[in-house]
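Encoded as structure tokens, here's the structure I'll be asking about.
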Amino acid sequence: TRHYIDDMLQQEKMSLVGTMVNTIIHDFKNPFTLISLGAQMLRSRHDDPKTARICDNIEAQVQRMVEMANEVGEFSKGKQNLQLAEVDLAELCEKFREMNEPFFQRDNVVIEMRSTPVTVMGEENKLLRVMQNLVGNAIEAFPADANGQVQIYVHDRGDHAEIIISDNGKGIPEEIRHNLFTPFVTYGKSGGTGLGTAIVKSIIDAHQGSIEFETATGAGTTFTIALPKAG
């Protein structure tokens, strides 16, 4: 009976999340359009490479916000719709770095990347979302007075591709380790929704991959993601 009640409460929560996300997308449609138009206008008036790069990043971030909201909406319905294409994980990592470099500098976080070219069948934006969630969680967990370090490695393991994301943070609290990928599980984050790692797991599952983690209190956390290679 307890499990039945928990399942019903979970379904109600996810339904509310879906309704909320649909409202957010509807309300934000006009502001997002205006931001994109502003970036396009700025680019047309200043054709130097620096301005073009900034405008490209503005539009990419707007699109990223829309896709993040859509992914939460999909997750609330219990599905992940993939638009599959070949994705080079080394190029994916570089794109992730370019999109987030200003935030890394602001938060005083050192990002180390080492990537072996390896191609998987997947959806680029959703795989970027996986990296964003895991790296974002690590950054938020760093103490304010500490210099955080995150390592992102991509390996070709022959029969599969592997992404390793490690940090030197405090480690995942013992209280949530056993259900880290369960929706609405969060700890110590005032603005946390508890959906980040659950969405990560659903995206990896949709790609027919796997995700595992190792963590220790005061010694950081390492996530290991395995994805089938293309072809």
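As a test question: what accessible area, to the nearest 10 Å², does residue 217 have when a 1.4 Å probe is rolled over all protein chains in place?
100 Å²
If a/c stays under 1.5 just call it rounded; otherwise compare a/b with b/c (prolate if a/b is bigger, oblate if not). Do that for the stretch 104-151, with a ≥ b ≥ c from the square roots of the Cα gyration tensor eigenvalues.
Details: a/c = 3.40, a/b = 1.93, b/c = 1.76.
Verdict is prolate for the stretch 104-151.
Let me ask something else about it. For residue 34, put the label point 7 Å out on the Cα→Cβ axis and report which residues of the stretch 66-92 keep their amide N under 18 Å from it.
From the stretch 66-92, the list is 66.
So if I take the centroid of the Cα atoms in the stretch 164-182 and the same for the stretch 101-158, what is the distance between those two points in Å?
15 Å
Sticking with this structure for a sec: Given a Förster distance of 45 Å, report the FRET efficiency between residue 216 and residue 61 from their Cβ-Cβ distance, rounded to the nearest 0.05. Please report the intermediate quantities before stating the final value.
Values: r = 34 Å, r/R0 = 0.76.
So the FRET efficiency works out to roughly 0.85.
Next up: Order 44, 115 by their accessible area, 1.4 angstrom probe, all chains in place, largest first.
Heavy-atom accessible area, descending, gives 44, 115.
Per DSSP H run of at least 4 residues, take -39500 (n - 2.57); add these up for the chain, divide by its residues and hand me the 222 nm value, nearest 500 deg cm²/dmol.
On the way: 6 runs with 123 residues, N = 231.
My calculation for the chain gives -18500 deg cm²/dmol from helical runs alone.
Can you give the translational diffusion coefficient of the chain in µm²/s, computed by Stokes-Einstein from the Kirkwood radius over Cα pairs at 20 °C and 1.002 mPa s?
Values: Rh = 19.1 Å.
After rounding, the answer is 112 µm²/s.
So, one more: Whole-Hz ³J(HN,Hα) for each residue in the stretch 117-129, computed from phi via Karplus 6.51 cos²θ - 1.76 cosθ + 1.60 with θ = phi - 60°, x for glycine and proline: what do you get?
x, 8, 10, 10, 8, x, 10, 4, 5, 6, 5, 4, 4
Report the longest stretch of the chain that contains none of the trypsin sites (Lys or Arg not before Pro) sitting in a DSSP loop with at most 16 other Cβ atoms within 10 Å.
Details: sites that count: 77, 79, 157, 189.
It runs 80-156.
The values are calculated or read from the model by the stated rules, or taken from the named source; none is laboratory data. Everything numeric in this text was worked out from a predicted model, so none of it was measured. Please note: Cβ atoms are built from the backbone with ideal geometry, for glycine as well, and neighbour counts cover all protein chains shown. Quick note on the areas: whole protein, heavy atoms, side chains included, nothing else; ligands and nucleic acids left out. Shrake-Rupley method; radii C 1.70, N 1.55, O 1.52, S 1.80 Å.
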